[in-house]
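Working notes, structure below.
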Amino acid sequence: MKNLVLSTLFVATASQAAGCIIFTDDGGSPGQVTANVTVSSAGGGAITTRQGDGVRLNIQGGGLVQEIFSPASGLYTTDQVFEAGTYTFSVDYINDFDPANPVVVDSTGPVTIEVDGNVSFDVNLPLDQGFFGFNWSVEELNGTPVTSCAAIAGENGVSILSTLAGSTDAIEDLFNCEDGLENPNPVSTDPMPIGAYVVSASILDSQGAALGVAAAENLTIPQGNDYVEAIVAIVLN
């Protein structure tokens, strides 16, 4: 029996937090991989889990094997039995539980492991990212509501720009105008680091110029995996 402590790094768009994977080798030949996954928030509070949240184990050898489990925290053993050898291992926290197109909220960095019989890991995965969800309203300068994007001449989408408070670090998400105006369900940004943001929205033309803007709003993602919804009011030029 041998034990290795492997330090890993988050794959994140901004500030990175350390995770830890503890590796135990039980000896033998082919074996399965077991991960005892503990998910937490890097913000120190409780995480909100939603239907479809889970973890994905990634084992890369001659090919890539990915197995998805739900709920997020738990003890999971792969169905796949792996031949003895060297593999690359990582764990993702995902949502929208869609095996064809999962959204990765956060991930441990890849580490090299040796399979020689059954192997097991303690995986600590603090989530350092969350999401914003938006709908928008649109009106003319005189206050007349606009209820159809087709009525906005030259419209070519909506930009949501989220700037981390006190910095120039900004993340832009682009959406179809109809998705936030004519659809009651909010659109979701890509994952972004937890923290306070100044958020601005604008309707763009095909050249990227603003046809209308919304007043900037102060919004915060306090904990990992949080989903913070807002409605922005865009006024046409």
Check: Do we find a residue being among the charged types (D, E, K, R) and more than 21 Å from the chain's Cα centre (by Cα) anywhere in segment 75-86?
Finding: yes
Note to self: Residue under question is Val213, and the condition is that it be crowded, with 16+ Cβ neighbours inside 10 Å and under 20 Å from Thr147 (Cβ atoms); does it hold?
What the structure shows: yes
Notebook entry, point to check: In the set Val104, Val138, which member is in a strand (DSSP E or B) and buried (at least 21 other Cβ atoms within 10 Å of the Cβ)?
Noted result: Val138
Check: Taking the stated definitions as given, is Ala196 surrounded by fewer than 15 Cβ atoms within 10 Å (Cβ to Cβ), in contact with a strand residue (DSSP E or B) (Cβ under 6 Å, 6 or more places away or on another chain) and assigned to a strand (DSSP E or B)?
Finding: yes
Notebook entry, point to check: Hey, among Glu178, Glu155, which residue is part of a helix (DSSP H, G or I) and either hydroxyl-bearing (Ser, Thr, Tyr) or in contact with a Cys (Cβ under 7 Å, 6 or more places away or on another chain) (or both)?
Noted result: Glu178
Checklist line | Candidates Thr108, Thr112, Thr86 - the one that is modelled with pLDDT under 95, touching a Cys at 6+ places or on another chain (Cβ under 9 Å) and not assigned by TED's automatic domain parsing to the domain that holds Gln223 | finding: Thr108
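The values are calculated or read from the model by the stated rules, or taken from the named source; none is laboratory data. None of the values given here were measured: they were computed from a predicted structure. So basically every Cβ, Gly included, is an ideal-geometry build from the backbone, and we count neighbours across all protein chains shown.
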